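Working notes for the structure below.
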Amino acid sequence: MVDSSFLPTTAAEMAARGWDELDVLFISGDAYIDHPAFGVPLLARLLESRGFRVGIIAQPDWNERAAFTLMGRPKLCVAVSAGAMDSMVNHYTAARKRRRDDAYTPGGRSGARPNRAVIAYTAALKGVFKGLPVIIGGIEASLRRLAHYDYWSDKVRRSILVDSKADLLVHGMGETALLEIVSRLQYGADISEICDVPGSAWLAGDAAGARLLPSFEQVAADKKVYAEAFAVAARHGDRALAQRHSNRYVVVNRRAAPLTTAQLDELYALPFTRRPHPGYTETIPAFEQIRWSVTSHRGCQGGCAFCAISSHQGRRVQSRSAASIVAEVERISGDEHFGGTVSDVGGPTANMYAVGLHDEKRCRGCRRDSCLYPQLCSNLSIDDAAAVGLLQRLQALPAVKHVFVASGVRFDLLARQPGYRRQLFEHHVGGLLKVAPEALSDGLLEQMRKPRAQQFGRFVDAFRAFNARRGRKRALVPYLMAGHPGSTLDHMVDTALFLRRYNLRVEQVQEFTPTPGTLATCMYHTGIDPLRDCNVYICRSDKERRLQKALLLYHLPENRTAVAQALKITGRQRDGACLLEGSSRHVERNRRPARRNRRK
């Protein structure tokens, strides 16, 4: 029997709704999980709510024509996404080795989507549906909208709009842009006429009045020019940009306006089943991870160098109302499998919920890299009353036993949010609290646009003092990164000594991976910090990366030789007394390893 509570994925499911044709077909590199944490179902439900007939084909075989024609030719267009991750990041490690698993695929198996999925899917669709508009979006398309350095081919690639031959590109979260484009197509507009929608990009014969960036050919040939182009694009996203590729121009319209609270509430009230499509017989790891979680807001004003959130979700935090979030948790609690635990309430940074601006006008034309670094902007309102009130309301719901905050917190903000910190420490942390200082050496933290090590130390002291007063045994899990631009062996020694001094043990170390669209990736490619116009040291050798990682995991016996080698290279053998002698007996032991969970 067909379950018509899901969006159609086959002709039989279309027929169950009485449809003989779709208006819009979505192609996704992820399995179809009808949950608002996933972009394609969110956009598809939005279009459905506006009366469009929408279907989803998830993870089609890109080599088989029939895989794309399951529901026939749609009337208006096809919308393509690689999924929740860039397909190359999904497939390969920082060492460029193929990953063995894929959290967004049934059974966790890899290989269900192609490399450069947006390009592969669009090529297949152009062959199957001649003349039908293809619109690309999602994080892969969004962060590759201009000429960009690609780590896996180690070269500058053209805009994905050019390489895919798609008709339009939607950048950012996409709700308002895609809805506007589809609505115009419905009313008879030709896809070639739709060139003024905020949050979209298109190909033109001239720069169309946009701010002109150096051409693809120029940025591909000269790293300094690449850095200059990145700086202009990063600081002028509030206006249209154009970049010549051969005899055409990629015109990137200004970002779409942030969604209002009312618009976000409407999105999350749509009739999601919050389950994978019933056609799947195996578990999907990504679903298990977010099944009982709730998104409270999107966007980030932190501006960390290695993070793509602000480039994709936006620099402004956009928060839902407490009533909307409470209503979603009440719906979750009606699920027969709900055990009483909300696994996470948050966004890119949990304690940025309801962060806002004192004066909107003061932010116009602002060129700061971050609202938090090097110091908190005086125009940023970080009052924590709304966040505290939200957690208390959720905690008081009859069917809810526990509400956890697992999406990570900014410890520098917590120092200025005493109410939220108290609420978090008291009620919303299990045995472990994860935080991401990323490094603990001030020179490197400056390059990362992260708070100073001393601030993290004060946070550790506050957390432990609270636990001591309450008689609780809980541990901190610091997430750290090796190989970030600017990172040296000396920085890693400093970080290891900090860990030793504060009695902390790291379970996992992330190796820096240059992902499209980030400031750190520009640094990696060019050796230049484009926003400060200065040179940056880049760790490129596998040996040095291995030594950096070993220093952060100095407490493991198998790393002793590598740590001793790193100390000799840096001339800091004297620190061996601290890092090599008896360290395993004194470090804090976390009770279980935590998987790194970044939403980028």
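The values are calculated or read from the model by the stated rules, or taken from the named source; none is laboratory data. Quantities reported herein were computed from a predicted structural model and do not represent experimental measurements. No Cβ is skipped: glycine too gets one built from the backbone with ideal geometry, and neighbour counts run over all protein chains shown.
Of the residues that sit in segment 570-587 and are in a loop (DSSP other than H, G, I, E, B), modelled with pLDDT under 75 and surrounded by fewer than 13 Cβ atoms within 10 Å (Cβ to Cβ), which one is nearest to the chain's Cα centre (by Cα)?
His586
May I ask you to list the residues in segment 485-519 that are of a type in the set (Gly, Ala, Ser) and within 23 Å of Arg572 (Cα to Cα)?
Correct list: Gly486, Ser487, Ala496.
Out of the residues in segment 95-113 that are touching an Asp or Glu at 6+ places or on another chain (Cβ under 7 Å) and either basic (Lys, Arg) or farther than 24 Å from Gln313 by Cα (or both), state the one that is surrounded by the fewest Cβ atoms within 10 Å (Cβ to Cβ).
Residue satisfying both the conditions and the ranking: Arg109.
Residues that are farther than 16 Å from His277 by Cβ, out of contact with any Asp or Glu (no Cβ under 9 Å at 6 or more places or on another chain) and modelled with pLDDT of 95 or more: does segment 37-47 have at least one?
No: zero hits.
Give segment 301-356 a look and list any residue that's more than 22 Å from Lys401 (Cα to Cα) and touching a Phe, Trp or Tyr at 6+ places or on another chain (Cβ under 7 Å), or say none.
Gly303, Phe306, Ser319, Arg320, listed by residue number.
Going through segment 157-199 one residue at a time, which ones are among the small types (Gly, Ala, Ser) and part of a helix (DSSP H, G or I)?
The answer is Ser164, Ala177, Ser183, Ser192.
Could you tell me whether segment 99-106 includes any residue that is of a type in the set (Ser, Thr, Tyr), out of contact with any Pro (no Cβ under 7 Å at 6 or more places or on another chain) and within 20 Å of Tyr151 (Cα to Cα)?
no
Filter segment 351-363 down to the residues that are in contact (Cβ under 8 Å) with a residue 60 or more places away in the chain and aliphatic (A, V, I, L, M) and list them by number.
Met352
When residues of segment 435-476 are filtered for being surrounded by fewer than 20 Cβ atoms within 10 Å (Cβ to Cβ) and within 26 Å of Thr93 (Cα to Cα), how many remain?
Result for segment 435-476: 2.
I'm checking my understanding of the structure. Among residues of segment 221-242 that are outside any helix (DSSP H, G or I) and farther than 17 Å from Arg364 by Cβ, which one is farthest from the chain's Cα centre (by Cα)?
Among those that are outside any helix (DSSP H, G or I) and farther than 17 Å from Arg364 by Cβ, it is Asp222.
Being surrounded by fewer than 19 Cβ atoms within 10 Å (Cβ to Cβ), among the aliphatic types (A, V, I, L, M), at pLDDT 95 or above and in contact with a strand residue (DSSP E or B) (Cβ under 8 Å, 6 or more places away or on another chain): is that true of Ala204 here?
Spelling it out, Ala204 is indeed surrounded by fewer than 19 Cβ atoms within 10 Å (Cβ to Cβ), among the aliphatic types (A, V, I, L, M), at pLDDT 95 or above and in contact with a strand residue (DSSP E or B) (Cβ under 8 Å, 6 or more places away or on another chain).
Hey, does segment 167-179 have a residue that's polar (S, T, N, Q), modelled with pLDDT of 95 or more and closer than 19 Å to Leu132 by Cα?
No, because not a single residue in segment 167-179 is polar (S, T, N, Q), modelled with pLDDT of 95 or more and closer than 19 Å to Leu132 by Cα.
Scan segment 297-323 for residues that are closer than 18 Å to Pro258 by Cα, in contact (Cβ under 8 Å) with a residue 60 or more places away in the chain and assigned to a helix (DSSP H, G or I) and jot them down.
Ile309, Ser311, His312
Can you spot a residue in segment 35-58 that is in contact with a Lys or Arg (Cβ under 6 Å, 6 or more places away or on another chain) and surrounded by fewer than 24 Cβ atoms within 10 Å (Cβ to Cβ)?
Yes: segment 35-58 contains one or more residues that are in contact with a Lys or Arg (Cβ under 6 Å, 6 or more places away or on another chain) and surrounded by fewer than 24 Cβ atoms within 10 Å (Cβ to Cβ).
Would you check which residues across segment 334-348 are out of contact with any helix residue (DSSP H, G or I) (no Cβ under 7 Å at 6 or more places or on another chain) and either surrounded by 16 or more Cβ atoms within 10 Å (Cβ to Cβ) or in a loop (DSSP other than H, G, I, E, B) (or both) and list them?
Gly334, Asp335, Glu336, His337, Gly339, Gly340, Ser343, Asp344, Gly346, Gly347
What residue, of Ile160, Ile191, is more than 23 Å from Ala37 (Cα to Cα), touching a Pro at 6+ places or on another chain (Cβ under 7 Å) and of a type outside the set (Ser, Thr, Tyr)?
Testing whether each residue is more than 23 Å from Ala37 (Cα to Cα), touching a Pro at 6+ places or on another chain (Cβ under 7 Å) and of a type outside the set (Ser, Thr, Tyr) leaves just Ile191.
Any residue in segment 504-526 that is at pLDDT 95 or above and either more than 26 Å from the chain's Cα centre (by Cα) or assigned by TED's automatic domain parsing to the domain that holds Ser159 (or both)?
Checked segment 504-526: no residue is at pLDDT 95 or above and either more than 26 Å from the chain's Cα centre (by Cα) or assigned by TED's automatic domain parsing to the domain that holds Ser159 (or both).
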